[in-house]
1. Does segment 78-105 hold any residues that are of a type outside the set (A, V, I, L, M, F, W, C) and more than 16 Å from Ala119 (Cβ to Cβ), and which are they?
2. Being among the aliphatic types (A, V, I, L, M), surrounded by 14 or more Cβ atoms within 10 Å (Cβ to Cβ) and touching a residue at least 24 places away in the same chain (Cβ under 8 Å) is the requirement here; does Leu150 meet it?
3. With respect to Pro227, determine if the residue is farther than 24 Å from Met10 by Cβ, surrounded by 12 or more Cβ atoms within 10 Å (Cβ to Cβ) and at pLDDT below 95.
4. Which one of the conditions (1) of a type in the set (Ser, Thr, Tyr); (2) over 18 Å from the mean Cα position of the chain (by Cα); (3) at pLDDT 95 or above does Ser182 fail to meet, given that it meets all the rest?
5. List pairs: first residue in segment 200-211 and over 10 Å from Leu183 (Cα atoms) and in contact (Cβ under 8 Å) with a residue 12 or more places away in the chain, second residue surrounded by 12 or more Cβ atoms within 10 Å (Cβ to Cβ) and hydrophobic (A, V, I, L, M, F, W, C) anywhere in the structure, Cβ distance under 7 angstrom, at least six positions apart or on different chains.
6. Of all residues in segment 122-144, which are within 18 Å of Ser191 (Cα to Cα) and crowded, with 16+ Cβ neighbours inside 10 Å?
Amino acid sequence: MSFESDFEKMTTAVKAAEDEIVMAAMFHETWKPAAFDEDLRARIGTSYAAHSFNIVRIALRREMILALMRVWDRSKEAVRMTAIAEKLKDERFFQDLVAKRAVRLGMAASGVEALLTEALDQKRQAVLSLVRKYAEGGPGHVAFKKIKALRDERLAHRQAVDASAARDDPDDKEVEAFYVDSLSVVTFLLSLVLAKAFDLNEAGDVYRHHAKFFWAGARGERTEGHPNYRKPTGE
């Protein structure tokens, strides 16, 4: 298969990864206050509104994990992060990628292609390191397996047999670390493959900022400030 054909496939995959990881960031940063903001949870309290609050919180978490795992799926129709990494390991492919970028930037004859190679290789190695982290034998593989099992058994599909006794669900720290690393790996790929400067961690900051304003007004009907609040009798 020619370089151009391989590069076109990788470009399509990286664009798809960008779409999915942006969705994951939207869901995750909107979910976090609902999970960890004690003032918000106190305002919701034990109210009728709390039921819908919990539905929204669960839905955001579910959709975040589904979007995140679509970046790492291995099926032929998916992004296939591991397949991208395997192709980037190919030195011939990488050198062709550098040459293509050099021509695009008008640097091919300027004697600075070696500097471009060094800069792009740093990003390539960062991608490969993060993918290895979650591959079998890597320090994050156990967490990855937990998140994948949660997606496979309870979110994307519902098993007829309850496997909860045997399943070890990921904790919030494991999911957060996987999320942050996924933002980083896609950020590196956008720069390496698409020559696109888009820091997805900064994008997460934007969605986090927006979420603060959204949740600031949320409260249950038993909390003063809610349109249906009624002061308890006897006060």
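1. If we filter segment 78-105 for residues that are of a type outside the set (A, V, I, L, M, F, W, C), which is where we start, we get 80, 82, 86-87, 89-92, 95-96, 100-101, 104.
Correct list: Arg80, Thr82, Glu86, Lys87, Lys89, Asp90, Glu91, Arg92, Asp96.
2. Details: among the aliphatic types (A, V, I, L, M): yes; surrounded by 14 or more Cβ atoms within 10 Å (Cβ to Cβ): yes; touching a residue at least 24 places away in the same chain (Cβ under 8 Å): yes.
Here the answer is yes, as Leu150 does meet what is asked.
3. Values: farther than 24 Å from Met10 by Cβ: yes; surrounded by 12 or more Cβ atoms within 10 Å (Cβ to Cβ): no; at pLDDT below 95: yes.
When the stated conditions are applied, Pro227 does not pass them.
4. (2)
5. Between residues of segment 200-211 that are over 10 Å from Leu183 (Cα atoms) and in contact (Cβ under 8 Å) with a residue 12 or more places away in the chain and residues that are surrounded by 12 or more Cβ atoms within 10 Å (Cβ to Cβ) and hydrophobic (A, V, I, L, M, F, W, C), the close pairs are Tyr207/Ala25; Tyr207/Met26.
6. Lys123, Arg124, Ala126, Val127, Leu128, Leu130, Val131, listed by residue number.
The values are calculated or read from the model by the stated rules, or taken from the named source; none is laboratory data. This is a predicted model, so every value here is computed, not measured. As a convention, Cβ positions derive from the backbone with ideal geometry for all residues, glycine included, and neighbour counts pool all protein chains shown.
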